[in-house]
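Enquirer: Before we start, here is the structure in question, set down as structure tokens.
The values are calculated or read from the model by the stated rules, or taken from the named source; none is laboratory data. Everything numeric in this text was worked out from a predicted model, so none of it was measured. In this analysis, Cβ positions are derived from the backbone assuming ideal geometry, glycine residues included, and neighbour counts consider all displayed protein chains. Please note that ligands, DNA and RNA were not included when accessible areas were found on the heavy atoms of the full protein model with its side chains. Shrake-Rupley method; radii C 1.70, N 1.55, O 1.52, S 1.80 Å.
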Amino acid sequence: MPIAVYVLGLSVFALGTSEFMLSGLLQPVARDMGVTIPTAGLLISAFAIGMVVGAPVLAAATLRLPRRTTLIALLAVFGLGQVAGAVAPSYGVLFASRVVSALACAGFWAVGAAVAVSLVPVNARARAMAVMVGGLSVANIAGVPAGAFLGQNAGWRAAFWAVAGLSVLGLIGVIALVPRTEVPTGEDRPRLRAELHIYRDRQVWLALVTTALSGGAVFCLFSYLSPLLTDVAGLDEGWVPTVLALFGVGALIGTAVGGRIADAHLFGTMYGGITASTVVLTVLALTAHSPIAAVGLALMLGFTAFFTAPALNARMFNVANAAPTLAGATTTSAFNIGNTVGPWLGGLVIDAGWGYPAVAWTGAALAGTGIVTTALAARLHRREGASRVVAGGQATTPAHETVR
């Protein structure tokens with residue numbers, strides 16, 4: 001695997017820490033800003049909304065710019081967004097800083113994914129994406145629990161300053177190790193209109209919906225994991241960083257295993273991971289009052305969620321192979337549509353007075369729907385083969401994957 005792919009994974013570690021650390025900071029942020037926990041949870045949705053909008057917009061806007069230069073600029077903006085969050089005097093300013101940071105994060109993901117995939121052969125795409133997704137896993141192991149620890153002991157603003165420092169390290173790595181690329185010219189130059197053709201294909205839309213449902217199922221619960229642990233399972237707040245770290249351990253193992261399996265058994269990995277997430281969320285809803293069960297199932301949920309992620313990423317690049325930049329952007333948007341809708345639905349459930357275990361039921365329902373869309377995608381793939389748009393495009397690598 002090229003060193004540049006690992007550098008991108010390191011940068012994603014900083015991005016992922018910022019995206020997910022609010023899950024362990026909801027209570028101190030809510031107290032400091034004078035808002036409810038569901039309102040503080042909207043900060044997670046704000047980041048996700050910025051990712052949904054920013055990925056395709058920035059991918060299109062930077063389509064003909066050198067990718068390395070684009071990555072550097074986006075990381076710099078992201079770091080400044082973290083500084084703005086650290087000094088935010090009000091909830092509104094903090095909300096705005098999250099959106100700005102998310103826009104930069106989305107652009108980095110979209111372009112970075114395209115760079116990672118371009119550096120490896122087609123049969124190593126899932127492994128390359130596993131490295132990038134692995135940055136998120138490590139963020140959950142180290143970054144998110146560390147953010148929760150800082151929030152409890154040095155104030156939640158210290159977590160934002162720490163992520164700003166991480167973004168500087170990522171910036172140095174990109175500058176030093178990601179290769180320079182020239183913008184293609186002539187017949188090979190990127191064409192936005194041509195790339196937009198991928199959205200005419202049903203397989204692309206099914207991949208998008210499945211990805212969104214998978215992400216929404218997990219982050220519907222994960223966004224409110226901290227209050228579930230303390231208010232329902234009865235754990236002390238000091239346990240939250242440890243449980244978040246266990247989720248991250250499961251995520252890292254799941255990413256590594258899923259990345260190795262997905263290239264050969266793409267649909268099987270999707271079926272297995274999403275079904276397992278459905279089971280874990282259902283069991284958690286039934287046993288949320290047990291501290292032992294809550295801790296163990298958090299570890300298992302991290303594994304099942306991230307076991308599926310490399311396959312979902314690879315599937316999108318396969319069906320949208322003729323438009324690699326928008327494929328990365330679409331995957332990023334899809335995950336974050338789920339990350340937006342999931343916490344929002346969880347907040348509605350909590351506000352309705354149904355309690356935190358009902359959030360796990362909601363996540364299980366989303367994951368169950370994801371199983372259905374995976375079955376539809378597999379059936380369509382068996383009937384039609386590779387995406388018609390890919391087949392008609394100018395992709396230079398095969399886009400077919402076996403249904404297994």
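Enquirer: On a 1.4 Å probe surface of the protein chains, which of Arg67, Arg315, Arg382, Arg180 comes out largest in accessible area, and what is the full order?
Expert: Sorted descending by solvent-accessible area, the residues read Arg180, Arg382, Arg67, Arg315.
Enquirer: Quick one: what are the phi-derived ³J(HN,Hα) couplings along the stretch 60-71, Karplus 6.51/-1.76/1.60 with θ = phi - 60°, whole Hz, x for glycine and proline?
Expert: After applying 6.51 cos²θ - 1.76 cosθ + 1.60, I find 5, 5, 9, 4, 9, 9, x, 5, 5, 4, 4, 4 Hz.
Enquirer: Still on this structure, I have one more. Could you tell me the accessible area of Asp236 in Å² (1.4 Å probe, neighbours in place), rounded to the nearest ten?
Expert: Here the accessible area works out near 110 Å².
Enquirer: Same structure, new question: Test of understanding: in a Gaussian network model of the chain with alpha carbons linked when under 10 Å, which of Ala217, Ala176, Ala329 would top the mean-square fluctuation ranking?
Expert: Maximum fluctuation in the GNM of the chain, among the listed residues, is at Ala176.
Enquirer: Per the helix-only calculation at 222 nm, which mean residue ellipticity applies to the chain, given -39500 (n - 2.57) for every DSSP H run of n ≥ 4 and division by its residues, nearest 500 deg cm²/dmol?
Expert: Numbers: 16 runs with 305 residues, N = 404.
Per the formula, -26000 deg cm²/dmol.
Enquirer: Another question about this same structure. Packing-wise, with mean Cβ within 10 Å as the measure, how do 375-381, 146-152, 25-31 rank, highest first? Before the final figure, lay out the partial values.
Expert: On the way: 375-381: 17.1, 146-152: 22.9, 25-31: 20.6.
Order by mean packing, descending: 146-152, 25-31, 375-381.
Enquirer: How many angstrom separate the Cα center of the stretch 362-380 from the Cα center of the stretch 227-292?
Expert: 18
Enquirer: Using the per-residue mean of other Cβ atoms lying within 10 Å as a proxy for protection, in what order, highest first, do the peptides 110-119, 295-304 fall?
Expert: Working: 110-119: 24.8, 295-304: 23.2.
Taking the mean over residues of other Cβ atoms within 10 Å, the ranking is 110-119, 295-304.
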